[in-house]
Amino acid sequence: MKSKAAAMSVMGICTLYFLIPIWWLFVGATKSRGDFSGTAPLWFADFHLGQNLSELFHYRDGVFLRWMLNSVLYTGGAALLGTLLAAMCGYALAKYRFPGRELLFNVVLGGVLVPATALALPLFLIFSQLAATNTFWSVFLPSLVNPFGVYLARIYATASVPDELLEAARLDGSGEVRTFFTVSSKLMFPALVTIFLFHFVAVWNNFLLPLIMLGNERLFPVTLGLYSWNSQVNQLPELRMLVLTGALVSIVPLVVAFLLLQRFWRSGLGSGAVK
């Protein structure tokens, strides 16, 4: 009982640690500029959320909505294609025998250990040589690469896709590509959802790569756009509430994605427990 109470206490403290900043952000976004600095930080004053949202969406001809659209395009496309590429690479490393397979997998593991900040400058130099900086592709293409997704896909494919099932599909005349999409991908679906969510969150929160690559404000993702506003707060104090409200709005897609996809996590965990 004591160990259970201690575990629950630790979980409760961790939950508060993660939720209090979100609560502060929500409460702050509902206040006026005067109330924000003159009232209790963790409780409501006069409710101005609707007015703050209206100002946010209309400020400078709705540039915030443009940033949100950019983030959806960068993140949605990169997460979908990146998950597909990671799944195919991990599946190939798990189910095919070819020279250099383990060496290639070790290179992928090495890629997991390399921080994104170490790759930002080399990527900038490469895209500069191609005259492709300050374009949509300079952020989108590097975001497709997901070494951790490849690692996770290989581990899950090894455990969840029986070799006998693949042999049966081949005997029935199914090609390798068809087998992957009609048989293997369905068995790997819980892992694919996990890879997609991790990739979605990573690209959505990506800040350094757009900061280095982009100079045109119309191409900014929401993270970089809010940073540019926040850096001007001392000169333009009215931007403070726009930054707070924009930060609140920017986490909504992450929450929605998790809530929509968490049932697949549960089904994957349940089937794993049965196995």
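Here are some notes:
- When A87, A79, A92 are checked against the criterion of being in a helix (DSSP H, G or I), among the small types (G, A, S) and without any contact (Cβ under 8 Å) to a residue 40 or more places away in the chain, A92 stands alone in meeting it.
- Residues considered: L236, L259, L211. Of these, the only one that is closer than 30 Å to L187 by Cα, open to solvent by 50 Å² or more (accessible area, probe 1.4 Å) and free of Cβ contacts under 8 Å to residues at least 40 places away in the same chain is L259.
This table checks each residue for (1) acidic (D, E); (2) in contact with a Ser or Thr (Cβ under 6 Å, 6 or more places away or on another chain).
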| position | (1), (2) |
| --- | --- |
| S9 | no, no |
| F18 | no, no |
| L25 | no, no |
| A45 | no, yes |
| H48 | no, yes |
| H58 | no, no |
| D61 | yes, no |
| Y74 | no, no |
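- Residue check, R60 within 30 Å of L214 (Cβ to Cβ), surrounded by 11 or more Cβ atoms within 10 Å (Cβ to Cβ), among the charged types (D, E, K, R) and out of contact with any strand residue (DSSP E or B) (no Cβ under 7 Å at 6 or more places or on another chain): no
- Single residue of A116, A120, A79 found to be within 23 Å of the chain's Cα centre (by Cα), closer than 26 Å to V249 by Cβ and modelled with pLDDT under 90: A116
- Residues that are of a type in the set (G, A, S) and under 18 Å from L239 (Cα atoms) within the stretch 18-42 comprise G28, A29, S32, G34, S37, G38, listed in sequence order.
- Summed over the stretch 142-163, residues that are more than 17 Å from F198 (Cα to Cα), buried (at least 16 other Cβ atoms within 10 Å of the Cβ) and either of a type in the set (S, T, N, Q) or modelled with pLDDT of 95 or more (or both) total 1.
- Qualifying residue in the stretch 97-111 (condition: open to solvent by 70 Å² or more (accessible area, probe 1.4 Å), touching a residue at least 40 places away in the same chain (Cβ under 8 Å) and either of a type in the set (A, V, I, L, M, F, W, C) or not in a helix (DSSP H, G or I) (or both)): no
- For the criterion of being without any contact (Cβ under 8 Å) to a residue 60 or more places away in the chain, out of contact with any strand residue (DSSP E or B) (no Cβ under 7 Å at 6 or more places or on another chain) and in a helix (DSSP H, G or I), T179 passes.
- In the stretch 67-76, residue farthest from the chain's Cα centre (by Cα) [restricted to those that are surrounded by fewer than 18 Cβ atoms within 10 Å (Cβ to Cβ) and over 27 Å from V27 (Cβ atoms)]: L69
The values are calculated or read from the model by the stated rules, or taken from the named source; none is laboratory data. If you're wondering where the values come from, they're calculated on a predicted model, not measured in any experiment. No Cβ is skipped: glycine too gets one built from the backbone with ideal geometry, and neighbour counts run over all protein chains shown. Just so you know, the surface numbers come from the protein's heavy atoms only, side chains and all, with ligands and any DNA or RNA stripped out. Shrake-Rupley method; radii C 1.70, N 1.55, O 1.52, S 1.80 Å.
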